[in-house]
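Undergrad: Shown below is the structure under consideration.
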Amino acid sequence: MGAELPPAVAEAFGDPPTLPTARLVLRRFRPEDAEDIFAYASDPQMTTWVPWEAHRSLDDSRAFVERVLQKYRERREAEWVITLRPGGRVIGTIRLGQYHPVHRRADLGYAVGRAWWGQGYATEAARAVVAFGFSRLDLNRIWAICDLGNVASERVMQKVGMRFEGVLREHMYEKGQFRDVKLYAILRRDWRPDVGSPVPTGA
């Protein structure tokens, strides 16, 4: 797959660049991130709206990190840990995936630990990744979905300039049931760099 990707996309999927924002640094995964990830991913309340189950042991988090590192090797998607600055604690993850080279589209996915909900971190990270997708990967469309009841995730999509496009009925089979999701998307022509750009390095 990597040979078929545009050079900029292949590079980003194999080795995602660091994206700094006002309060965060988005960087590639490292094996030692597993402990921070387990600290929030083991919270059943945090995983209410995500497709994956709460991590039951540190080994679950280590396996998750290894899966992402394997994606880098296969150039399958760009995925970052979301870290606080100063300190560098991992508080969540964000990715661009399901890339289609002909249609120049990809989907956005993110998760932030419950201790950091309501502070704008997911929006800040999403703005940086949307900006990266349009300015560096030459995407034309970035889309995202959320469960019908996930109001907080829907607000993130709205804040980064995405538009509601409809409900996909029983689109996902998660945790033993089919679930409806809301579909949001933003096009390059609708993107406002002043809303979506990350803060330059050193800011």
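Undergrad: Using DSSP H assignments, which helices in the chain have an axial alpha-carbon span of 20 Å or above and a mean Kyte-Doolittle hydropathy of -1.0 or higher?
TA: Values: long enough: 58-74 (24 Å, -0.96); 121-135 (21 Å, 0.79).
Helix filter hits for the chain: 58-74, 121-135.
Undergrad: On to the next question. When the accessible area of the stretch 31-109 is computed with all protein chains present and a 1.4 Å probe, what percentage of it is carbon and sulfur?
TA: 48
Undergrad: Next up: What is the gain in length, in nm to one decimal, between residue 70 and residue 54 on full extension, counting 0.36 nm per residue of separation less the C-alpha to C-alpha distance? Don't jump to the answer; show the numbers that get you there.
TA: Values: separation 16, 0.36 × 16 = 5.76 nm, distance 2.12 nm.
Result: 3.6 nm gained on full extension.
Undergrad: Please work out how much accessible surface residue 180 shows to a 1.4 Å probe, ignoring ligands, DNA and RNA, in Å² rounded to 10.
TA: Surface accessible to solvent at residue 180 totals approximately 50 Å².
Undergrad: Rank 154, 32 by accessible area, highest first, at a 1.4 Å probe radius? Mind showing how you got there, number by number?
TA: Values: 154 25, 32 125 Å².
Final ranking, largest accessible area leading: 32, 154.
Undergrad: Please work out how much accessible surface residue 153 shows to a 1.4 Å probe, ignoring ligands, DNA and RNA, in Å² rounded to 10.
TA: Looks like 10 Å² after rounding.
Undergrad: Express the accessible area of the stretch 101-189 per residue in Å², computed with a 1.4 Å probe while the remaining protein chains stay in the model.
TA: Working: 4480 Å² over 89 residues.
Here the residues of the stretch 101-189 average 50 Å² of exposed surface.
Undergrad: Using every pair of alpha-carbon atoms in the chain, split the distances into 10 Å bins beginning at 0 and state the percent of pairs per bin, rounded to integers.
TA: Histogramming the chain at 10 Å steps yields 9, 35, 41, 15, 0 percent.
Undergrad: Could I ask something else about it? What is the distance in Å between the Cα centroid of the stretch 30-95 and that of the stretch 119-150?
TA: 18
Undergrad: Over the Cα atoms of the stretch 134-179, compute the convex hull volume and normalise it per residue, giving Å³.
TA: Values: hull volume 4.8 nm³, N = 46.
Convex hull volume per residue, Cα atoms: 105 Å³.
Undergrad: Additional query: Looking at 6, 63, 40, which one has the Cα that reaches farthest to the positive end of the dipole of the stretch 1-71 (charges on Cβ: Lys, Arg +1; Asp, Glu -1)?
TA: Checking the options against the dipole of the stretch 1-71, the answer is 6.
Undergrad: Work from the charge dipole of the chain (Cβ charges, +1 for Lys and Arg, -1 for Asp and Glu, about the Cα centre) and give the residue of 17, 93, 140 farthest towards its positive end.
TA: With unit charges placed on the Cβ atoms, the residue in question is 140.
Undergrad: A further question on this structure: Which ³J(HN,Hα) values in Hz, rounded to whole numbers, follow from the phi angles of the stretch 169-181 under the Karplus curve 6.51 cos²θ - 1.76 cosθ + 1.60, where θ = phi - 60° and Gly and Pro get x?
TA: Rounded to whole hertz, the list is 6, 6, 6, 10, 9, 9, 6, x, 8, 7, 10, 7, 9.
Undergrad: Turning to a different aspect of this structure: Ignoring everything except DSSP H segments at least 4 long, calculate the 222 nm mean residue ellipticity for the chain; use -39,500 (n - 2.57) per segment, divide by total residues, nearest 500.
TA: Theoretical 222 nm ellipticity from helices: -9000 deg cm²/dmol.
Undergrad: For the chain, what is the percent of antiparallel DSSP beta bridges, rounded to the nearest 5?
TA: Details: 34 of 37 bridges.
Here the share of antiparallel DSSP bridges comes out near 90 percent.
The values are calculated or read from the model by the stated rules, or taken from the named source; none is laboratory data. Since we're looking at a predicted model, the values are computed, not measured. In this analysis, Cβ positions are derived from the backbone assuming ideal geometry, glycine residues included, and neighbour counts consider all displayed protein chains. All accessible areas refer to the heavy atoms of the entire protein, side chains included, with ligands and DNA or RNA removed. Shrake-Rupley method; radii C 1.70, N 1.55, O 1.52, S 1.80 Å.
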